[in-house]
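Q: The structure is given below, and queries will be raised subsequently.
Since every read-out is calculated from the coordinates, none of them should be taken as a lab result. Quick caveat: nothing in here was measured; it's all calculated off a predicted structure. Neighbour counts run over all protein chains shown; Cβ positions are idealised from the backbone, glycine included.
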Amino acid sequence: MSKKSEEVKKWNIVYQKFGGERHSVWRENATPFFTGKIDYFKSLGLKKVLDAGCGDGRNLVEFAMADFEVTGIDSSEAALEKCRKNCSKFRKVNLAKMELEKPGFKPNSFDVIICDFVMAHMENPGKIMGNF
């Protein structure tokens, strides 16, 4: 099994074992660093947000509630399942199983890219940043 496959397997286990009343593996609330910029992004006319490594969607939900068109990508299917549940009431949410090292988007597909608590877990963050 490759190192990447082992990493994805590990995250699937984390999200599969998570349960209870909480909505997020990490914490309940979205990260203020990102959500604090929602009004600013709106003032600039920005509409399309990519949450790269969206996990269970705690940041993505806030942007969806603010009426952004949001796309969340993650390599963990279990994380995406949690995200689908957390985002089920929003119609402008697209989710995809995708590796950050090999994104399947055309250049300039998004106005804003957020990536929260992800790069520390990546083998080649420089390559990922180049992809963004």
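Q: Could you sort the peptides 110-117, 59-66, 98-105 by per-residue average Cβ neighbour count (10 Å cutoff), highest mean leading?
A: 59-66, 110-117, 98-105
Q: Over all distinct Cα pairs, what is the inverse of the mean 1/r for segment 31-96, reported as the Kirkwood hydrodynamic radius in Å?
A: 11.7 Å
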